[in-house]
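Reviewing the structure listed below.
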Amino acid sequence: MLDGDRIEALIAKTMVAEDNLVRGSRTIVYASSWAPESHIRAAASGVLGSLLGHLRFFVSADSVHQAPPGGGVTSVVFRNA
């Protein structure tokens with residue numbers, strides 16, 4: 001079970017793969033007139049906020065990071081007591 005109260009900070013970096021698919025389904029990320037990063041930050045922030053129950057996190061969306069295409073990197077600082 002996820003205990004959002006123990007999480008002091010979270011940093012997430014993510015992006016949709018260039019084939020425009022998420023789990024095999026088409027997205028509008030690259031077809032929209034908005035920057036793809038805007039869609040990703042909004043979606044990731046909504047998911048994280050609902051899972052954690054707070055907004056103590058930072059989401060960055062960019063295709064340049066150390067993860068496979070369509071993947072992401074996350075770092076979590078949590079209280080161990």
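Bear in mind that the values in this text are calculations on the coordinates, not laboratory data. Bear in mind the structure is a predicted one, so any value in this text is a computation, not a measurement. Glycine also receives a Cβ, built like all others from the backbone with ideal geometry; neighbour counts cover every protein chain displayed.
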| query | Restricting attention to the range 34-64, which chymotrypsin sites (Phe, Trp or Tyr not before Pro) occupy a DSSP loop and are surrounded by at most 14 other Cβ atoms within 10 Å? | reply | Trp34
| query | Which residue fluctuates the most in the chain, going by a Gaussian network model with Cα springs under 10 Å, if the choices are Val22, Val59, Val47? | reply | Val22
| query | Which of Ser25, Ser38, Ser50 moves most in a GNM of the chain, Cα contacts under 10 Å? | reply | Ser25
| field | Debye log10 I(q)/I(0) at q = 0.16, 0.30 Å⁻¹ for the range 38-78, Cα point scatterers | value | -0.44, -1.18
| the range 4-78: D in µm²/s via Stokes-Einstein (Kirkwood Rh, Cα pairs, 4 °C, 1.567 mPa s)? | 100
| Say we join alpha carbon atoms closer than 10 Å with springs in a Gaussian network model of the chain; which of Ala61, Ala31, Ala44 then has the biggest fluctuation? | Ala31
| remark: Restricting to Cα pairs under 8 Å and 6 or more apart, the percent relative contact order of the range 1-66 works out to 50
| task | With both partners inside the chain, how many of the DSSP beta bridges are antiparallel, as a percent to the nearest 5? | result | 65
| query | Say a site is exposed when it is one of the trypsin sites (Lys or Arg not before Pro), sits in a DSSP loop, and has at most 10 other Cβ atoms within 10 Å; what is then the longest site-free stretch of the chain? | reply | 24-78
| If the label point is 7 Å along Cα→Cβ of Asp3, which residues in the range 49-81 have backbone nitrogen under 20 Å from it? | 49-57, 75-81
